[in-house]
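Working notes, structure below.
The values are calculated or read from the model by the stated rules, or taken from the named source; none is laboratory data. These numbers come from a predicted model, not from an experiment. Here the Cβ positions follow ideal geometry from the backbone for every residue, glycine too, while neighbour counts run over all protein chains shown.
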Amino acid sequence: MIEIERLNPSHIPSVKDIQLSDESIKYASTADDFLLDGSDATHLCVVKHHGLVVGFFKLDLAYASTYRFCSKNSIGLRTFAVDQRQQGKGLGTKTVEALKSYLAHHYRRYDFVYLTVNCKNLAAIACYRKGGFEETGELYLGGEAGPQHVMRRRITV
């Protein structure tokens, strides 16, 4: 079972224990960098599988003011990563699917959640598609890791 929770102090040791491949770090960030980025506008979240922290991501409430492709009253999903020891079990897809109800419950005042995903990261693109994200047809060219597809999903139906 997948659970999504806002980061709290009890999660920090588990987040620091998450191991990411060099490729995952290139597309997301390290656990330490993730932990440094929380604020009122950037909500840090953890992914738990059967009570064990297996991943993390950020919800950026100011995403629309930073990225022109993001429609007004929308948020951004950033830095989504799953521990490399837990990969290959479908946890990424299950997390993206669980995100739908989490966002509908906690962020229902927003219309969409947007993300960018590197064009070379085919596994992540497939994961987001399975989780209900659609490509907008735009490319984001401002990332350090190369061209990225812009994807979005409606938060509430």
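Below, the figures for the structure above:
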item: Helices (runs of 4 or more DSSP H) lying entirely in the stretch 16-97 (those with 2 or more residues that are out of contact with any helix residue (DSSP H, G or I) (no Cβ under 9 Å at 6 or more places or on another chain)); result: 22-27, 63-66
item: Residues that are under 10 Å from the mean Cα position of the chain (by Cα) and more than 14 Å from Tyr107 (Cα to Cα), drawn from the stretch 48-81; result: Gly55, Phe56, Phe57, Arg78, Thr79, Phe80, Ala81
item: Residue pairs meeting the criteria (Cβ under 6 Å; at least 6 apart or on separate chains; first within 20 Å of Leu20 (Cβ to Cβ) and in contact (Cβ under 8 Å) with a residue 40 or more places away in the chain, in the stretch 31-44; second among the hydroxyl-bearing types (Ser, Thr, Tyr) and surrounded by 14 or more Cβ atoms within 10 Å (Cβ to Cβ)); result: Phe34/Thr79
item: Whichever residue in the stretch 127-139 is at pLDDT below 95 and not in a loop (DSSP other than H, G, I, E, B) and, among such residues, is surrounded by the most Cβ atoms within 10 Å (Cβ to Cβ); result: Cys127
item: Filter result (exposed (fewer than 14 other Cβ atoms within 10 Å of the Cβ) and acidic (Asp, Glu)) within the stretch 38-63; result: Asp40
item: Val113 vs. criteria within 27 Å of Pro147 (Cβ to Cβ), in contact with a Leu (Cβ under 9 Å, 6 or more places away or on another chain), aliphatic (A, V, I, L, M) and not in a loop (DSSP other than H, G, I, E, B); result: yes
item: Scan of the stretch 140-154 for residues that are out of contact with any Ser or Thr (no Cβ under 8 Å at 6 or more places or on another chain) and in a loop (DSSP other than H, G, I, E, B), ordered by number; result: Leu141, Gly142, Glu144, Ala145, Gly146, Pro147
item: Selection from the stretch 140-157 of residues that are surrounded by 18 or more Cβ atoms within 10 Å (Cβ to Cβ) and among the charged types (D, E, K, R); result: Arg152, Arg153
item: Options Leu52, Leu103, Leu61; residue that is closer than 13 Å to Gly131 by Cβ and in contact (Cβ under 8 Å) with a residue 12 or more places away in the chain; result: Leu103
